[in-house]
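Taking it in order: structure first as structure tokens, then the write-up.
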Amino acid sequence: MDAKLDRRAFLGLVGAGALTAGLGLAGCSPEQNGGNQAASAEPADAPAQAPAGIARKEGSETKACDVAIVGAGAAGLLAALKLTEGGKSVVVIEKAPSAAMSNFSMCGGPTACETKLQEQENATVTLDTMFTYMNEFSRTSVNGALLRNTLSHTGDAINTMLDLGIPMTLIPDSYGVGFRGRHMFDTGGEERVAPLVQAIEAAGGEFLFSTAAEKVIMEDGVAKGVQTDKGIDVMADSVVVCAGGFLGSEDMQMDRFNTKVYALGNTLSDGTGIAMVLDAGGAWDRNFAVLGNECGAVSAATEGSPFNPDWTNVNEHYGYWLFGGLYTDTAGERFINEGKIAQFPLAIGGEALLRAGKAYVIMDSDYYEAVKGDGIFVYLGQPESWVPGPMADYYKTTPENAEAHLAQAIDEGWALKADSLSEIAEKFSLDSLEATVEKYNGFCDAGADGDFGKDPAFLKAVKTAPFYAFEYVPSAWGTNGGVKVDSHLRAMDEKNNPIPGLYVAGVDQGSVYSVPYYTNEGASVGLALGSGVYVAEEIMKS
């Protein structure tokens, strides 16, 4: 496999051309990063419960259908397709002007089991294999029955899209989880979603684009439709909410994560879907995670997209978050096995930075110059244990850019080059930094990490001046977690009873997504697609 595809596998992203087309429509654009916060989302200091109430406004127009779906992302499109093909009348309500603005239209690709592509390559991943891996990873923190039910429908979702002519490539096991589950999309944006939208419309489904859902219409405790901002009440026997999470809501970010998350994905997903379900009597579930930035990190000074068109970082010094060196929290203390972040940057890396809120990578000149020269993988001795290591140098600092990028980082306030560690400690208020480095250097000299058990290959002492520090903040493509559902994707109330007629799929439901994000890449969109097929099946049976 060529280097370009290997990097794609490591990044978890689709090819540069398709992503460039999708990115302009997604969350990094200034138009979406400002002014799209949900008015109905909880304030940062509110308790973790339903809002006081979303006002009911009688619509001037009514549409009647069997199923109203809120959101035209992965879950919404697959649910709509399966329902319309099954003879149900469906109306899909989507805030954006097209389905090409969803995270689904720009993501890398889903994990799935028992698919045509796996069979063709003699690499079939059974349901038992994938379920066992993910269920054990979750440590029973998710609804195990729902996880299995959802995964069992991922193969159907992949095969359906392949049959519609949406091309995918089964990629290698990028992170060493033991199976090939990820199906990378070969197209993005409108080209990816158009076959699904056209098939839904051909089967009689209707889309209300540029229309925001506002409230689940309840009658005697039963979901009966959706109120929209266009004065259209979409009345239905079943309502499916799958609006894409809450990356666009700073209030919900602060409430769930206690820190702001720099949005790389679609900020139109602002938590409104979750707020609607809570307003209808639903309850929060417990797990909340992010799809972290597997391309490195960002700084508090980052504006717009942190990526170049070829998916290198705009400032090459963002990449050190991937390399497994010495990381500290805001006290200047280590807080994690940094090698785990290097091994699983999307999952463990994203969660580690989210939990810390802000983190610092500390290095000496030997480390800095080595990364700029031969690269991190060679500097660490090309450890076989670091599965994505051969691809990590895609994010190395280059001699032609290092000086200018470092100067920019220092000027923006998120980096420092200093003759002593005490200067760095003073600049960033890292009170324990010098003691931390002294202890860490002892581990490096001994060849064993006595605190976190980091692979010795990642142990490089911080001894040679000048010293460098880089401050990073969380960034993510989307959120995982939301309201509680049962094993049939029915919204649960605060007494753990299902709310009649109300279903939640995709990342708006919080009962199938673990913390941290699953280490088998593509899990978020894979589960979203599977949930779309599964919820359609459940509604068809009801």
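The values are calculated or read from the model by the stated rules, or taken from the named source; none is laboratory data. Small disclaimer: the values here were computed from a predicted structure and weren't measured. As a convention, Cβ positions derive from the backbone with ideal geometry for all residues, glycine included, and neighbour counts pool all protein chains shown. The accessibility values were calculated without ligands, DNA or RNA, using every heavy atom of the protein model including side chains. Shrake-Rupley method; radii C 1.70, N 1.55, O 1.52, S 1.80 Å.
With helices as the sole contributors, the chain gives -9500 deg cm²/dmol at 222 nm; each DSSP H run of n ≥ 4 counts as -39500 (n - 2.57), and the sum is divided by every residue. In the full protein context, the chain carries 35 Å² of accessible surface per residue, based on a 1.4 Å probe and ignoring ligands, DNA and RNA. The largest accessible area among V193, V515 belongs to the first residue in V515, V193, and the rest follow in falling order (1.4 Å probe, all chains).
Counting only protein heavy atoms and a probe of 1.4 Å, the accessible surface of region 358-467 is 46% carbon and sulfur.
Measuring spread by the Cα atoms of region 110-177 yields a radius of gyration and Dmax of 12.6, 37 Å.
The overall shape of region 325-418, judged from the alpha-carbon gyration tensor, is oblate: a/c is not under 1.5, and a/b is no greater than b/c.
Taking R256, R182 and ordering them by how much accessible surface each has at a 1.4 Å probe, largest first, produces R256, R182. Look at the dipole of the chain built from charges on Cβ: of I93, A79, N258, the Cα furthest out on the positive end belongs to A79. Accessible area of L380 (1.4 Å probe, protein heavy atoms only, ligands and nucleic acids ignored): about 20 Å².
When only Cα pairs below 8 angstrom with a gap of at least 6 residues are kept, the chain shows a relative contact order of 24 percent.
Averaging the sequence gap over all C-alpha pairs within less than 8 Å and six or more residues apart, then dividing by the number of residues, gives region 437-542 a relative contact order of 18 percent. Compute the Cα gyration tensor for region 423-481, then decide on rounded, prolate or oblate, letting a ≥ b ≥ c be the square roots of its eigenvalues: rounded whenever a/c is under 1.5, prolate when a/b is larger than b/c in the other cases, and oblate in all that remain. Oblate is the answer for region 423-481, as a/c is 1.5 or above yet b/c matches or exceeds a/b. In terms of the Cα gyration tensor, with a ≥ b ≥ c the square roots of its eigenvalues, is region 260-352 rounded because a/c is under 1.5, prolate because a/b exceeds b/c, or oblate? It is oblate, given that a/c is not under 1.5 and a/b is not larger than b/c. When only Cα pairs below 8 angstrom with a gap of at least 6 residues are kept, region 205-254 shows a relative contact order of 23 percent.
Computed in the context of the full set of protein chains, the accessible area of region 284-341 at 1.4 Å probe radius has 46% of its extent on carbon or sulfur.
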